[in-house]
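So the structure is just underneath, and the comments pick up after that.
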Ligand code: PMP
């Protein structure tokens, strides 16, 4: 077996430099089960980070479904197969009745790429609006939307960015309705700006939970004025559910349901196959048919029988183990725990999130709400050394990102809270 230093060298030689790796002291993981991971030395870690193994690492139900289907048949969607039809029927039943068809892909990036093209097919226009701290994937088209690594040659003339909502420092200085109106005003300005170009306005794409932006605490209805502005301009609303989907936020199965809106197109990924690569785009039949008329579209691996078996097993386990309900109970408990820690540690400026996607914003000065990204880095590295894996994210890169597999328990949450308390006391 490779030592960690040996593996690091081979990785860099064979996979190239600058390939992202978590932690100052990287973790070499060899096994996972439920909410636990084990490294090459047999050390156990509590996984507070990974949302892809949605129903738990290596869940036996999903493993069995994949193995059974892989041993029976795996091919593509140009043959008839009942697996994809059964899955899409079950999947679309969780949405508003207007969202009744789907295309399956292999990744969230592909799903967003398809969504943008769907909006183009429907509107005949290409202008797109996203937030200025988002991430929607890695294809040429969707990487135009991400602001962390600007594209070579700059953003295309068809892209506009609006300020990502920050509930701790709300636009216009006030929470509630004025904040929602301020966000909608930015969207309106972006629409008007696109309408002055040959691109015109096609779609607004948002993660309705604004996960990568730092999961701001927004009331249901926050997005309503922006959605109204989009519809008034004849544009489409695309909701990226790669992060908040499949019950993650506890109160609702989908982030847009929690936000109180019905989008035109929804994109899915990460947790959908518990680690098996499957993504998807859900839309009304007219929208989907307009896309197929304009572009045909075929995805060699998307919607294959093994992927559909994995995704179906995820829905089974979510239901049978009542994991959405678990997200409410454990998430509430953990957030209350973080709020108690905030009374003890001045570095915790703001606690927020929903269900099993939550965290604390770390600040250098609570009064000035001055972000402390450097402290967040030290905290997550310290937690890693103590056997707890978590991350950080947000507009200021100072919010702890706690987003564990859904079978996370109250005991798991208490273990994480105790380690965080200890880390903040020492750092
Ligand atoms: N949308 C969002 C909101 C994401 O967070 C990500 C991945 N982090 C993607 C899309 C892209 O998904 P994938 O990596 O499967 O292409």
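Since every read-out is calculated from the coordinates, none of them should be taken as a lab result. All values reported here derive from a predicted model rather than from experimental measurement. When we count neighbours, we look across all protein chains shown, and the Cβ atoms used for this are built from the backbone with ideal geometry, even at glycine.
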Report task. Please work out whether region 287-360 counts as rounded, prolate or oblate from its C-alpha gyration tensor, where a ≥ b ≥ c are the square roots of the eigenvalues and a/c under 1.5 means rounded, while otherwise a/b larger than b/c means prolate and anything else oblate? Result -> prolate
Query raised in the report: Roughly how many nanometres apart are two label points built 7 Å out from the Cα toward the Cβ at residue 3 and residue 293?
Result: 6.5
Query raised in the report: Cα convex hull of region 1-80: how many Å³ per residue?
Result: 177
Requested in this report: Could I have the simple spin-label model distance between residue 132 and residue 152, label points 7 Å from Cα toward Cβ, reported in nm to one decimal?
Outcome: 2.6
Query raised in the report: Suppose R0 equals 45 Å; then what is the FRET efficiency for residue 11 and residue 76 from their Cβ-Cβ distance, rounded to the nearest 0.05?
Result: 0.90
Requested in this report: Subtracting the Cα-Cα distance from 0.36 nm times the residue separation, let me have the gained length for residue 365 to residue 322 in nm, one decimal.
Outcome: 11.5 nm
Query raised in the report: What is the fewest-to-most order of 207, 39, 372 by other Cβ atoms lying within 10 Å of their Cβ?
Result: 39, 372, 207
Query - Estimated 222 nm signal from helices in the chain, with DSSP H stretches of n ≥ 4 weighted -39500 (n - 2.57), rounded to 500 - result: -12000 deg cm²/dmol
**Report entry** Selected from 20, 67, 102 as most flexible by GNM, with the chain as the system and alpha-carbon contacts under 10 Å
**Finding:** 20
Query - Three-way shape label, region 237-321, alpha-carbon gyration tensor, a/c 1.5 - result: oblate
Query raised in the report: Roughly how many whole Å is it from the C-alpha centroid of region 198-246 to that of region 356-374?
Result: 25
Query - Whole-Å distance, taken between Cα centres, linking region 110-146 and region 22-87 - result: 28
Query raised in the report: Using the count of nearby Cβ atoms within 10 Å as a rough guide to exposure, how do 38, 254 rank from fewest to most?
Result: 38, 254
Query raised in the report: Which residue, 75, 249, 107, has the most motion in a Gaussian network model of the chain that connects Cα atoms within less than 10 Å?
Result: 75
Report summary line: Cβ density ranking, 10 Å radius, fewest first, applied to 143, 202, 354, 98 yields 98, 143, 354, 202
**Report entry** Relative contact order [Cα under 8 Å, 6+ residues apart], the chain, whole percent
**Finding:** 21
Report task. Please give the FRET efficiency for residue 24 paired with residue 425, using the beta carbon to beta carbon distance and R0 = 22 Å, rounded to the nearest 0.05. Result -> 0.65
Query raised in the report: If the viscosity is 1.002 mPa s and the temperature 20 °C, what Stokes-Einstein diffusion coefficient in µm²/s follows for region 61-320 when Rh is the Kirkwood radius over Cα pairs?
Result: 115
Query raised in the report: Of 404, 150, 165, which has the largest mean-square fluctuation in a 10 Å C-alpha GNM of the chain?
Result: 150
Query raised in the report: Based on DSSP, what percent of beta bridges with both residues in the chain are antiparallel, to the nearest 5?
Result: 65
